[in-house]
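Below: one structure, written as structure tokens.
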Amino acid sequence: MELINLRVSQINGCAYCLGLHTKAALRGGESARRLGVLTAWRDTDMFTHTERAALALAEATIDPANAEAQASAYEAARQVLTDDQISAATWVAITINAFNQVSIMSRHPVPALREA
């Protein structure tokens, strides 16, 4: 989920959500290295087939004008993901996309980094 939240937030340029979900991903055990290359996930073997299918589906989900990309990503996802995983990836992408738009439009401030 956090990889999708981050990837969609990267595409949308939502600073607030990037900060929030990077922290959540790290807290959940994700590595800083993988998060650092997430924008280039297609160009590395650091992500599993399942993660790659979910990321491709998420990217296609937030680009409704590109029906061909959506159909291609959906068909590829069907080869790797279960129906529940496809549903979850789609809903996570739709939800974070909406949150990104609200956060960007409302100029949601990014809190300063607090050292532990």
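Since every read-out is calculated from the coordinates, none of them should be taken as a lab result. None of these values were measured; they are calculated from a predicted model. Quick reminder, even Gly has a Cβ in these numbers, built from the backbone with ideal geometry, and neighbours come from all protein chains shown.
Add +1 for every Lys or Arg and -1 for every Asp or Glu among the other residues with Cβ under 14 Å from the Cβ of Val80, and state the total. Don't skip to the answer; put the middle values down first.
Numbers: positive: Arg52, Arg78; negative: Glu51, Glu75, Asp83, Asp84.
The answer is -2.
Determine the sum of side-chain charges near Leu26: Lys and Arg each +1, Asp and Glu each -1, restricted to other residues whose C-beta is under 13 angstrom from that of Leu26.
Values: positive: Lys23, Arg27, Arg33, Arg34; negative: Glu2, Glu30.
Combined, the nearby Lys, Arg, Asp and Glu give +2.
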- Hey, if you put +1 on the Cβ of every Lys and Arg and -1 on every Asp and Glu Cβ in the chain, which of Cys17, Ala53, His108 ends up farthest toward the positive end of that dipole? His108
- Note on the structure: Beyond 23 Å, the calculated P(r) of the chain holds a percent of Cα-Cα pairs equal to 28 percent
- Taking Cα atoms, the helix 2-12 axis meets the longest principal axis of the chain at an angle in degrees (rounded to 10) of 80 degrees
- Task: Relative to the longest principal axis of the C-alpha atoms of the chain, give the angle of the C-alpha long axis of helix 49-61, reported between 0 and 90° and rounded to the nearest 10°.
- Result: 80 degrees
- Computed over the chain: relative contact order in percent, which uses C-alpha pairs under 8 Å that are six or more apart: 37 percent
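Please work out the FRET efficiency for the pair Arg78 and Ala98, using the Cβ-Cβ distance as r and a Förster radius of 25 Å; give the result to the nearest 0.05. Show your work: numbers first, answer last.
Values: r = 25 Å, r/R0 = 0.99.
Calculated transfer efficiency: 0.50.
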- Task: Obtain the nm distance between the two label points defined at Arg34 and Ala67 by a simple spin-label model: each point lies 7 Å from its Cα along the Cα-to-C-beta direction.
- Result: 3.6 nm
- In debye, nearest 20: dipole of the chain around its Cα centre with unit charges on the Cβ of K, R (+) and D, E (-)? 460 debye
- Task: Describe numerically, in nm with one decimal, the distance between label points set 7 Å from Cα along Cα→Cβ at Met105 and at Thr50.
- Result: 3.5 nm
